[in-house]
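Following: one structure in structure tokens, then a few remarks.
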Amino acid sequence: MVTLKDEINSNRGNYDICILLSHLGMDDDMIIASEFEEIDIIIGGHFHILMEEPEIISGTVIFTSGSLGENLGMLNVEVKDNRVQLIEGANIDVTMSEPCEDIIDIVKKNKKKQ
């Protein structure tokens with residue numbers, strides 16, 4: 001938590017909203033949301049939870065979109081008075097979507113770089 005606090009403090013004033021991409025798990029994400037009022041949105045992973053709708057903890061929006069790239073998470077927010085207000089959140093099942101060859105090529109190229 002010290003590293004997170006240091007990162008927030010060192011970047012204070014350099015952003016409009018603070019979004020944390022987390023792979024700590026829902027329990028830790030909820031703790032972070034309750035302890036760090038500076039964080040507006042937490043997009044979580046690790047537990048592979050497919051949330052029906054976002055949860056708001058101490059003003060912080062928390063949302064997860066399952067696992068294995070089967071869903072695309074969508075958050076619609078509005079920034080008002082320097083705070084994020086949730087308009088809606090949804091997960092879109094992409095397993096039945098047509099593959100995009102351009103995206104597949106990009107993924108293949110990036111895998112080769114690893």
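Just so it is clear, none of the values below were taken in a lab; they were calculated from the coordinates. Keep in mind that what you see is a predicted model, and the values were worked out from it rather than measured. Here the Cβ positions follow ideal geometry from the backbone for every residue, glycine too, while neighbour counts run over all protein chains shown.
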Practice task
Filter the stretch 60-76 for residues that are of a type in the set (Gly, Ala, Ser) and surrounded by 14 or more Cβ atoms within 10 Å (Cβ to Cβ) and give the result.
Solution key: 65, 66, 73
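Considering only the stretch 6-29, state which residues are over 13 Å from the mean Cα position of the chain (by Cα) and either surrounded by 15 or more Cβ atoms within 10 Å (Cβ to Cβ) or closer than 14 Å to residue 84 by Cα (or both).
The initial filter retains those residues of the stretch 6-29 that are over 13 Å from the mean Cα position of the chain (by Cα), namely 6-16, 27-28.
The answer is 8, 15, 16, 28.
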Practice task
Filter the stretch 30-55 for residues that are in a strand (DSSP E or B), among the aliphatic types (A, V, I, L, M) and surrounded by 15 or more Cβ atoms within 10 Å (Cβ to Cβ) and give the result.
Solution key: 41, 42, 43
Problem - First in the stretch 18-29 and among the acidic types (Asp, Glu), second anywhere and assigned to a strand (DSSP E or B), Cβ under 6 Å, 6 or more apart - result: 29/22; 29/42; 29/44; 29/62
Practice task
Answer yes or no: is there a residue in the stretch 82-101 that is hydroxyl-bearing (Ser, Thr, Tyr), on the phi > 0 side of the Ramachandran plot and part of a loop (DSSP other than H, G, I, E, B).
Solution key: no
Problem - Complete set of residues in the stretch 57-114 that are within 24 Å of residue 46 (Cα to Cα), among the polar types (S, T, N, Q) and without any contact (Cβ under 8 Å) to a residue 40 or more places away in the chain - result: 58, 60, 64, 65, 67, 71, 76, 95, 110, 114
